[in-house]
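Engineer: Quick one: the structure is below, questions incoming.
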Amino acid sequence: MPDFGAEPRGRSPTDRLGQFLKGTSEVLDSLVRKGKDPLGRSIFVPELLKPMQDAWSELGPAFSVATKAVTKVSAERLIEHGLDGKQLDFKLRVVDWISGQFHRLGGAKLLNRLLDAIENLLDSIIDVSGAGGAIREFKEGMKSSVQEE
């Protein structure tokens, strides 16, 4: 299961946000490559899987750009957007908890919840840093490609 930075372990908020982006990349990559949930069930509309995989292959640099942009954000801006302290703890723990549920149980409903939780934090990162829009847009396309149960 990916590390989304939910445990502070002495890490700065920007390090934790970088870890969140890394964890997001790992989970999306696994889903796109396999096209299945953790229990081995097909999770995406079959006709959309190949185009999704093709689009994913172009997205790699977006994570590096977003991670670099986050490291340059001032502490004041992080606080203003709820990306520090207990607010950041809570947001990361929500993503981590839903990710754990999805990895144990799979299914479209939990995947959609996970993608929504990721989006909430991505939106804050985009607002504060100006980077990550391509990641959010790809994730939205993924969500629209989830096969209903």
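Throughout, read-outs are computed from the coordinates displayed, never taken from laboratory work. As the structure is a computational prediction, the values presented were derived from the model and not from experiment. Cβ: placed from backbone, ideal geometry, glycine included. Neighbour counts: every protein chain shown.
Engineer: To the nearest 10 degrees, how steeply does helix 13-34 sit against the main Cα axis of the chain, on a 0 to 90 scale?
Structural biologist: It works out to around 10 degrees.
Engineer: Using the Cβ atoms and a cut-off under 12 Å, what net charge is assigned to the surroundings of Thr24, where Lys and Arg are +1 and Asp and Glu are -1?
Structural biologist: With Lys, Arg at +1 and Asp, Glu at -1, the neighbours total -2.
Engineer: Just subtract the alpha-carbon distance of Lys22 and Arg104 from 0.36 nm times their residue separation and send over the number in nm, one decimal.
Structural biologist: 27.5 nm
Engineer: Work out the length of the dipole vector of the chain about its Cα centre, built from +1 on the beta-carbon of each Lys and Arg and -1 on the beta-carbon of each Asp and Glu, and round it to the nearest 20 debye.
Structural biologist: So the magnitude is around 360 debye.
Engineer: Tell me which lysines have Cα within less than 17 Å of Lys139's Cα, excluding those fewer than 8 residues away on the same chain?
Structural biologist: Lys22, Lys34, Lys36, Lys50, Lys109
Engineer: Among Val146, Val70, what is the fewest-to-most ranking by other Cβ atoms within 10 Å?
Structural biologist: Least crowded to most crowded, the residues run Val146, Val70.
Engineer: First measure r as the distance between the Cβ atoms of Trp97 and Ser30, then evaluate 1/(1 + (r/R0)^6) with R0 = 22 Å and state the FRET efficiency to the nearest 0.05.
Structural biologist: With R0 = 22 Å, the Cβ-Cβ based efficiency is 0.75.
Engineer: Can you check what the net charge comes to around Val95, using other residues whose Cβ is under 12 Å from the Cβ of Val95 (Lys, Arg +1; Asp, Glu -1)?
Structural biologist: -1
Engineer: Sticking with this structure for a sec: Return the sequence-ordered ³J(HN,Hα) values of segment 40-47 in whole Hz as given by the Karplus equation 6.51 cos²θ - 1.76 cosθ + 1.60 applied to θ = phi - 60°, using x for Gly and Pro.
Structural biologist: Going residue by residue, I get x, 8, 4, 10, 10, 4, x, 5 Hz, with x marking Gly and Pro.
Engineer: Right, another one. Just report the Cα centroid separation between segment 1-40 and segment 45-86, whole Å.
Structural biologist: 11 Å
Engineer: Here's something else I'd like to know. Could you calculate the FRET efficiency of Asp123 with Gln147 from 1/(1 + (r/R0)^6), where r is the beta carbon distance between them and R0 is 22 Å, rounded to 0.05?
Structural biologist: Efficiency computed from Cβ-Cβ geometry: 0.30.
Engineer: If you don't mind, there's one more thing I want to ask. Return the long-range amide H neighbours of Phe44 (sequence gap of 5 or more, or a different chain), with a cut-off of under 5 Å between placed amide H atoms.
Structural biologist: Gln147
Engineer: Using r as the Cβ-Cβ distance of Ala75 and Arg41, and R0 as 41 Å, what FRET efficiency do you calculate, to the nearest 0.05?
Structural biologist: 0.40
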